[in-house]
1. Listed highest first by mean packing, meaning other Cβ atoms within 10 Å per residue, what order do 424-431, 22-29, 404-411 come in?
2. When each pair of different Cα atoms in the range 329-463 is counted once in the 1/r mean, what is the Kirkwood radius in angstroms, to one decimal?
3. If we count other beta carbons within 10 Å of each Cβ, what is the order of 101, 465, fewest first?
4. May I ask you to evaluate 6.51 cos²θ - 1.76 cosθ + 1.60, the Karplus curve with θ = phi - 60°, for each residue of the range 156-167 and list the ³J(HN,Hα) values in order in whole Hz, giving x for glycine and proline?
5. Give me the Debye-computed log₁₀ of I(q)/I(0) at q = 0.12, 0.13, 0.16 Å⁻¹ for the range 205-296, equal point scatterers on Cα only, no solvent, two decimals.
6. Amide H of residue 318: which non-local residues (sequence gap of 5 or more, or other chain) have their own amide H closer than 5 Å, using H built in the peptide plane?
7. May I ask you to evaluate 6.51 cos²θ - 1.76 cosθ + 1.60, the Karplus curve with θ = phi - 60°, for each residue of the range 110-126 and list the ³J(HN,Hα) values in order in whole Hz, giving x for glycine and proline?
8. Per residue of the range 561-575, in order, report the coupling 6.51 cos²θ - 1.76 cosθ + 1.60 (Karplus, θ = phi - 60°) as ³J(HN,Hα) in whole Hz, putting x for Gly and Pro.
Amino acid sequence: MPRPNPRNKKKLKPAVTGGLHPNPQFARPGWQSLNGPWDFAIDRDGVWSDPTQIKWSAQHINVPFAPETPASGIEDTGFMAACWYRRAFAAPRLKPSGRLILRFGAVEYRATVWVNGRIVAFHEGGYTPFHADITDALADEGDQVLVVRAEDDPHDLAKPRGKQDWQRDPHSIWYPRTTGIWQSVWLEPVGASWLERVAWQPNLERFDIDLWAYVARPTQGLRLRTVLRVGERLLADDVYAVVSGEVHRAISISDPGIDDYRNEWLWSPHRPVLIAAELELVDEDGDVLDSVRSYTAMRSVAIVGDRFTLNGRPQYLRLVLDQGYWPQSGLTPPDDEAVRRDVELAKAMGFNGVRAHQRIADPRYLYWADVLGLFVWAEMPSAYRFTPEAVRRLTQQWHEAIERDRSHPCIIVWVPMNESWGVPDLPSNAAHRHTVRTLYHLTKSLDMTRPVVGNDGWEMEVTDIVAIHDYDASAQRIGERYSNRHEPQPMLAREWPGHRTLLLDKAAYHGQPIMLTEFGGIALREANTWGYSQAGNPEELASRYRALLRAVNDLPLFAGFCYTQFADTYQEANGLLRADRTPKVPLQHIAAATTGISQ
């Protein structure tokens, strides 16, 4: 097949090895990034089906940035049914009988992957990762040729698309589309058998940590060595037999017993203690076939009465809605440092968490939230039409998202549905209601350790937290509306924020916590901007933010809140920060209002 054109007229950055691993909670040494310049071709009508049909040109794209973004070097925001990628790479040296794994962080929406003309992978779902063992497709000598086709019907409203607009230009609260490869691509050399995935689950009552490890291509006599440390202190150094390709063990941690000492081990936003994990897969001769660096933490979250608890103690949640877009790079962070900076900014504004809205957060973001101590509500991107195919897609991809992220201590709540998007007739359509119930119970079956919000915003029937969206611009009305903590049922039945009932029936409320999970949305009054309400200047914005947060912080009814929003996102300019992350109001003033603590 034709070889890639080596010219690079746009001087795109070359692929690099090193830096922060694309998935820091499952990091192998010796990984090789394939980010950088790739050959690129747009297939507007989706007519090409095979790499031999592609009319390659001198056009290049900077992977992993979507072609709609300036950072990609393409910046084409028109409709495209498919696009194609190609690059050559040198295969790394493998161990005897070793294998080579090709990994994709995310490709929107259907990906077909060829290596040297041979199909090695197919994946559906634009927000979840996939990988392939490409060893058998490698050429014996010379460069390997990798081709990717990304199919992404821009008009398909029955696929989970989150905030991606179906119109030509972004409008209201929807943003430019994200097509094709938009997260990292990398290679990982492994042995003849290797760790397919690992999951961690702490149990505070037993003071131990459950480990699930799954091995690909297992053989007889495999052992898994597991070493856990906090700093320089060794917690465990165990070896387990691999049985039927799996290891499932509860690793006991010495319990100090007394709370003052026990608390030193617990993860929280104030003290995010992580337990480093080193995993080695060893064969019967003692040779190391695979090694992975990971981590976990001791912490628990739960609903107790009408309060949310962390590590057995009431925890008030002060969250900010985070859309996760950057002006030059869309949904893809521009670099590793930008991811860390977003976590730091959320904390600097007084928030102890974010609601990662209508996207599956980048694993690097979750890593820094784990390391620096920031809660995350994890949310499934919505579809906008209700069809059996939409239900299948949502169910499949939500399962993949939970599997990818369940081990992160920062994630404290799962949100499979938002504001009845994709199920617009919940009050009257039984199929719509069954879909919400199904996603709620599916989430519970996959992870019993975290609360689940069945349908964030309104029309709640099955939920662990009553999550209300109310964009009333008046702090006084907000304060009056939610003033009665002792008898919330009449208010929940009476109020219709967004012109939608909060509860589908009275039985939906049985004493669980109530939180205001979207409110505010104050934009600065500037040209071509949109917001739920507008302020004329930064001083007015600061004044109105203080009044709203004072009203919300003073309401005993609420167990937490989530303000809209973290940063301006395209035309939706209701962020506390501008799109480039510069604050509209000094950070210390925002933090004082957020926390209710005077300067």
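Quick note: the coordinates plus some simple rules give every number you see, no bench work behind them. As the structure is a computational prediction, the values presented were derived from the model and not from experiment. Neighbour counts run over all protein chains shown; Cβ positions are idealised from the backbone, glycine included.
1. Top of the packing list down: 404-411, 22-29, 424-431.
2. 15.6 Å
3. 101, 465
4. After applying 6.51 cos²θ - 1.76 cosθ + 1.60, I find 6, 8, 9, 10, x, 10, x, 8, 6, 6, 9, 8 Hz.
5. -0.43, -0.50, -0.70
6. Distant-sequence amide H within range of residue 318: 352, 353, 561.
7. 10, 10, 10, 10, 10, 10, 6, x, 10, 5, 10, 7, 9, 9, 10, x, x
8. 8, 9, 8, 9, 7, 5, 9, 4, 9, 6, 6, 7, 9, 9, x
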